[in-house]
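Here's the structure we're looking at; comments come further down.
The values are calculated or read from the model by the stated rules, or taken from the named source; none is laboratory data. Given the structure is predicted, the values throughout are model-derived calculations rather than measurements. Reconstructed Cβ throughout: ideal geometry from the backbone, glycine too, with neighbour counts over all protein chains shown.
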Amino acid sequence: MKVLSKIQEWGDQHHPKWLDFIRMALGLTLIWKGVAFAFNLHAFTSLMENAGLGTAVSLSLIAHAIIALHLIGGLMIALGSHTRMFCLLNMPILLVAVFYVNLPGQIFRPYSEFWFSCAVTLALVCFLIEGDGVLSIENDRQTLAE
């Protein structure tokens, strides 16, 4: 537990302002991917049916959870509210996207989303460590409380 609090402390003290713009872009990217996922739900359903995972009800619950986490998490990450928590919640989705969806057979195809998914995953890890930053709702809340 001490290690986590030390990482959080370090991230709060060493956070340049320009990194906040990348955090905002990450949040908007997650919102964009959540909307795109909602519009292309048939691709997810066919992928999961071919893999033999679950019934229609469980696939629907998973799909709605992914959409909700991307939309709500993206909004909160972009605004800088509870960034670490929403990065942690979005991490399993991106790890599955990297290793299960994009990696097998599609890594060297043109317009493959493997590298994009890797970049978003690395950004989530970065902001899991760095936290909200200077340009965030949480920072404004702490400033008003003091």
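Each residue in the range 58-100 was checked for being without any contact (Cβ under 8 Å) to a residue 24 or more places away in the chain and either under 17 Å from Ile129 (Cβ atoms) or acidic (Asp, Glu) (or both), and 3 of them qualify. Among (1) over 22 Å from Val35 (Cα atoms); (2) surrounded by fewer than 19 Cβ atoms within 10 Å (Cβ to Cβ); (3) at pLDDT below 85, where does Ala56 come up short? If we test Ala56 against (1) over 22 Å from Val35 (Cα atoms); (2) surrounded by fewer than 19 Cβ atoms within 10 Å (Cβ to Cβ); (3) at pLDDT below 85, just (1) comes out false. Taking each residue of the range 15-35 that is in contact (Cβ under 8 Å) with a residue 60 or more places away in the chain and under 8 Å from Leu71 (Cα atoms) and looking for partners that are in a helix (DSSP H, G or I) and small (Gly, Ala, Ser) with beta-carbon atoms closer than 9 Å, six or more apart or interchain, yields Leu30/Gly73; Leu30/Gly74; Leu30/Ala78. Among the residues of the range 11-41 satisfying the criterion of being surrounded by 17 or more Cβ atoms within 10 Å (Cβ to Cβ) and basic (Lys, Arg), which is farthest from Ile129 (Cα to Cα)? Applying the filter and picking the extreme gives Lys33.
For the range 60-76, what are the residues that are of a type in the set (A, V, I, L, M) and either touching a helix residue (DSSP H, G or I) at 6+ places or on another chain (Cβ under 6 Å) or under 14 Å from Met48 (Cβ atoms) (or both)?
We begin by selecting, within the range 60-76, every residue of a type in the set (A, V, I, L, M); these are 61-63, 65-69, 71-72, 75-76.
Listed by number, the residues that qualify are Leu61, Ile62, Ala63, Ala65, Ile66, Ile67, Leu69, Leu71, Met76.
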